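Any read-out appearing in this document is the output of simple, stated calculations on the displayed coordinates, not a laboratory observation. Small disclaimer: the values here were computed from a predicted structure and weren't measured. Backbone-built Cβ (ideal geometry, glycine too); neighbour counts: all protein chains shown.
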Amino acid sequence: MKSVCILTTFFEAESGYSLIAVVETQLKMLIEHGYNPSVVVRDDFRFGGEDSLWRQEIVDIMPILPAFNITPGIPESFEDDVQKLVVIFNQHLSKFDVIITHDIILQTFYQRHNVALRRYCKQRPDQLFLHWIHSCPNPMDAENEYPQNCRYTPIPGYIVYPNDSDRERVAETYHMPLNQVIANRASHSIDPLDVWAYSDLTKEIAKKSGLLKAEVAVVYPARLDKGKQPEKIIRLLAGVQEWGLDVSLLIVDWQSGGDSFQIYINRLVGLADELGIKDRLHFTSRLDDRALQGVPRQTVMELMDLSTVYVHPSMIETYSLVVHEAMLRGKLIVLNDDLPMMHELFGEHGIYFKFGADRLKRTYDPDEQTYWNEHSQALASAFLENSALRAQAYARRAWNPDVMWHNFKPLLELEICELLKQ
């Protein structure tokens, strides 16, 4: 496994600076997949607290860069400063296989680092250099005088840029061959369980249930009596899956540990198995021992936040706070057409299906699953027409670190390019 070092000029890592988030993503991906990355920072770097990634016991943090004063123009000490950096790079970077930099060759206030890095790179034809830049200088503004021209000249290694649309412009600006400018957005992946302050219990349940991998992801908090009719959701989602959407149902079962409840849960699992979605159905009490008799209200709210659709098939209701809460969280709402108060309370703000009621025994012709297969199209269509929910599901499924690692790892295996060998 290759040794990797990320070269930054950070003096802190607790602010909302987006570049810090990008570097954290790279560090987390590397650690998650067995690498032991190092990260270079300034010698006045402020280490993080006990909940921070930026601690020596988690990451090899190397506070070795001088804290140069950033002043307009070229300081008199420029060449001396550059030489100090070259010495530091030679002392500390030579042991790594891959060196990742961030905006060193882009930002004007890193000109000393830019020049020093170029000198170091030319001395190390055995190392792979990946230069991330997060913007691109205007090639029309290119300067010819040293050291300003270093923002517009080739550098050993590869330039990595977040999109393909500007790749030719980047190559033109740096006078690099197009195949040495790589479009890659893996470092901009976001794990929603990581960036928001969800509880550990929420994170564990969400991971074990695969909640974030589904498009139509339903969380149903309920004490599992038959009046709550979770089997109707199972049938509905089986139909939705037939329309090509990935589904998930997480039932947050409250005080449902008795034998009768376990028999009922087993029946629900059997129904899901029969309909081909057994691996899409989960119960919190069976995912985590801390949830045997229920979960805290905050965890319910957090799990709801991670869903996309809320289905409420209960046959007995007076109000339903959970519907109200789901609406506040922007979920697509599915309600029981057979309960008049659903229309009274929630009006046209949901999709209505005939789930039956205590006052109305519902029969389905020719059979119940045929009904749900046919009517599931309405839910599938409503989801697909809701661009916000569709985008949310896509970002969770396609732009998370687990998926994007497969785009990041090949960069570490690139051949050392010809420009570096010259």
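Observations on the structure shown:
- Estimated vicinal HN-Hα couplings, Hz - region 14-28 in sequence order (Karplus 6.51, -1.76, 1.60; Gly, Pro = x): 10, 7, x, 4, 4, 5, 4, 4, 5, 5, 4, 4, 4, 4, 5
- Computed helical MRE - 222 nm, the chain, DSSP H runs ≥ 4 contributing -39500 (n - 2.57), nearest 500: -12000 deg cm²/dmol
- Karplus (6.51, -1.76, 1.60) ³J(HN,Hα), θ = phi - 60°, over region 332-339, in Hz, Gly and Pro reported as x: 6, 9, 10, 10, 8, 5, 8, 10
- Placing unit charges on the Cβ atoms only, positive for Lys and Arg and negative for Asp and Glu, gives the chain a dipole magnitude near 380 debye about its Cα centre.
- Amide proton proximity set for Glu215, modelled H, under 5 Å, gap of 5+: Asp246, Val247
- Local charge for Ile104 was computed over the other residues whose Cβ lies under 12 Å away, with Lys and Arg +1 and Asp and Glu -1, and equals +2.
- Length-normalised contact order for region 193-398 - Cα pairs under 8 Å, 6+ apart - percent: 25 percent
- Quarter of Cα convex hull surface for region 86-137, i.e. mean projection, nm²: 3.6 nm²
- Where Rh is the Kirkwood radius over Cα pairs, Rg/Rh for region 1-73: 0.98
- Computed from the alpha carbon atoms alone, the convex hull of the chain holds 175 Å³ per residue.
- Shape parameters for region 215-310, alpha-carbon atoms, Rg then Dmax in Å: 12.7, 36
- Computed FRET value (nearest 0.05) for Phe11 with His324, which takes r as the C-beta separation and R₀ as 51 Å: 0.65
- 15 Å beta-carbon shell around Lys2, net charge (K/R +1, D/E -1): -2
- Mean-square fluctuations from a GNM of the chain, with a 10 angstrom spring cutoff on Cα atoms, peak among Ala206, Ala238, Ala197 at Ala197.
- Inter-label distance, nm, simple model (7 Å from Cα along the C-beta direction), Phe78/His134: 2.6 nm
- Inter-probe distance in nm under a simple model that places probes 7 Å from Cα toward Cβ, at His92 and Leu19: 1.6 nm
- Members of Lys208/Lys331; Lys2/Lys203; Lys2/Lys208; Lys28/Lys331; Lys278/Lys331 lying beyond 28 Å, as alpha-carbon distances in this model show: Lys2/Lys203; Lys2/Lys208; Lys28/Lys331
- Angle in degrees between helix 200-209 and the longest Cα principal axis of the chain, rounded to the nearest 10: 70 degrees
- Cross-link partners of Lys354 among aspartates and glutamates (Cα-Cα below 14 Å; sequence separation of 8 or more within a chain): Glu231, Asp337, Asp338, Asp365, Asp367, Glu368, Glu374
- Scattering curve values for region 193-398, log₁₀ I(q)/I(0), Debye with Cα scatterers, q = 0.07, 0.15 Å⁻¹: -0.18, -0.93
- With neighbour counts taken as other beta-carbon atoms within 10 Å, the residues Lys213, Lys226 rank, fewest first, as Lys226, Lys213.
- Positive-pole candidate from Phe45, Trp196, Gln369, dipole of the chain, charges at beta carbon: Gln369
- Spin-label pair Ile31-His188: with each label point 7 Å from Cα along the Cα-Cβ axis, the two points sit 2.4 nm from one another.
- Contact order normalised by residue count of the chain, Cα under 8 Å, 6+ apart, percent: 14 percent
- In sequence order, calculated HN-Hα J values of region 322-328 (Karplus, 6.51, -1.76, 1.60; Hz; x Gly/Pro): 5, 4, 4, 5, 5, 5, 4
- Among Thr284, Thr25, Thr370: highest mean-square fluctuation, GNM of the chain, C-alpha pairs under 10 Å: Thr370
- Relative contact order, percent, region 268-353 [alpha-carbon distance under 8 Å, six or more residues apart]: 20 percent
- Across the alpha-carbon atoms of region 33-145, the computed radius of gyration and Dmax are 15.5, 48 angstrom.
- Length gained when the stretch Glu344-Asp126 is fully extended (0.36 nm per residue, less Cα-Cα span): 71.3 nm
- Between Tyr17, Tyr220, Tyr371, the Gaussian network model of the chain with springs among Cα atoms under 10 angstrom shows the greatest mean-square fluctuation at Tyr17.
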